[in-house]
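The values are calculated or read from the model by the stated rules, or taken from the named source; none is laboratory data. All figures in this text were calculated on a predicted structure; none of them were measured in a lab. Cβ sites come from the backbone with ideal geometry, for glycine too, and all protein chains shown count toward neighbours.
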Amino acid sequence: MPELQRLRPGHAPAVLTFELANRSYFAASISDRGDEYFDQFAAQHSALLDEQEAGAGAYYVLVDEDGSVLGRFNLYRFSDGTAELGYRVAQDVAGRGVATATVRELCQLAAARHGLHTLRAATSHDNVASQQVLAKAGFVPVGPAGPADLGGKQGTWYQRDLDAG
Ligand SMILES: CC(C)(COP(=O)(O)OP(=O)(O)OC[C@H]1O[C@@H](n2cnc3c(N)ncnc32)[C@H](O)[C@@H]1OP(=O)(O)O)[C@@H](O)C(=O)NCCC(=O)NCCS
């Protein structure tokens with residue numbers, strides 16, 4: 001069974017493999033991370049761990065039994081009990097409910113482990129898969145998301161009240 005694990009230093013090689021293998025797949029629906037991210041991956045990974053250590057976010061990887069990363073699920077911009085949610089799932093396991101199940105699991109963790117009350121996520125109008133994931137995980141649309149939120153695209157902010165169960 002794949003396991004949702006808190007990001008740690010030892011995940012670096014598997015995360016890089018995941019990001020490289022799925023780079024063009026992800027870039028079809030969200031902003032590409034850019035060459036610099038890949039060129040300086042070790043520093044990027046450390047910076048993320050420092051942010052996590054400082055309490056600015058909580059970063060998770062879905063790890064398969066063989067140690068490979070199947071997906072990334074991040075809570076970031078913590079502020080007054082609210083955080084933003086971002087996620088990406090490997091093309092190899094697309095369409096099997098991995099994102100939906102893991103976002104549901106992360107909602108529970110967000111409340112129980114991180115004391116969060118509200119999660120927000122922005123997705124573009126053309127990202128139908130992500131809209132489906134959010135809707136099935138109990139998120140509701142709350143307003144427009146603009147190019148600054150979505151790498152130049154128009155879309156919608158979704159929100160889930162975690163205290164509502
Ligand atoms: C969005 C993403 C996380 C979905 O991951 P996933 O594990 O394949 O998602 P799930 O299998 O849980 O559910 C996807 C839902 O969208 C539907 N779907 C998948 N691709 C679709 C498409 N191209 N058009 C319409 N619906 C689509 C699936 O049928 C499913 O809905 P259903 O259960 O009602 O049939 C994945 O596609 C991804 O990583 N994309 C790139 C990064 C990204 O867009 N992240 C979200 C940013 S807001």
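If you take the residues of region 122-148 that are surrounded by fewer than 17 Cβ atoms within 10 Å (Cβ to Cβ) and within 10 Å of the ligand (Cβ to nearest atom), which of them is farthest from residue 108 (Cα to Cα)? Taking the candidates together, the pick is 126.
Only residues that are within 10 Å of the ligand (Cβ to nearest atom) and under 24 Å from residue 16 (Cα atoms) were counted in region 93-117, giving 11. Condition check: touching a strand residue (DSSP E or B) at 6+ places or on another chain (Cβ under 9 Å) and surrounded by 17 or more Cβ atoms within 10 Å (Cβ to Cβ). Does residue 5 satisfy that? For residue 5, the condition - touching a strand residue (DSSP E or B) at 6+ places or on another chain (Cβ under 9 Å) and surrounded by 17 or more Cβ atoms within 10 Å (Cβ to Cβ) - is not met.
Quick test of your reading of the structure: residue 72 fulfils all but one of (1) more than 15 Å from the chain's Cα centre (by Cα); (2) of a type in the set (Lys, Arg); (3) closer than 25 Å to residue 9 by Cβ. Name the failing condition by number. Result: residue 72 passes all but (1).
Once region 15-41 is narrowed to residues that are closer than 19 Å to residue 123 by Cβ and assigned to a helix (DSSP H, G or I), the residue that is nearest to the ligand (Cβ to nearest atom) is 26.
Residues are listed down the side, and each one gets a yes or a no for (1) of a type in the set (Gly, Ala, Ser); (2) under 17 Å from the mean Cα position of the chain (by Cα); (3) over 23 Å from residue 52 (Cα atoms):
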residue	(1), (2), (3)
104	no, yes, no
119	no, yes, no
143	yes, no, yes
156	no, yes, yes
160	no, yes, no
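The number of residues in region 52-89 that are touching a residue at least 40 places away in the same chain (Cβ under 8 Å) and in contact with a Phe, Trp or Tyr (Cβ under 6 Å, 6 or more places away or on another chain) comes to 6. Taking residue 47, is it over 16 Å from the mean Cα position of the chain (by Cα), under 30 Å from residue 115 (Cα atoms), more than 16 Å from the ligand (Cβ to nearest atom) and of a type in the set (A, V, I, L, M, F, W, C)? Considered against the rule, which asks whether it is over 16 Å from the mean Cα position of the chain (by Cα), under 30 Å from residue 115 (Cα atoms), more than 16 Å from the ligand (Cβ to nearest atom) and of a type in the set (A, V, I, L, M, F, W, C), residue 47 comes out as yes. Applying a threshold of 8 Å to beta carbon distances and a minimum spacing of six or more residues, or different chains, the list of pairs starting in region 11-23 at a residue that is within 13 Å of residue 62 (Cβ to Cβ) and ending at one that is at pLDDT below 95 and more than 16 Å from the ligand (Cβ to nearest atom) is empty.
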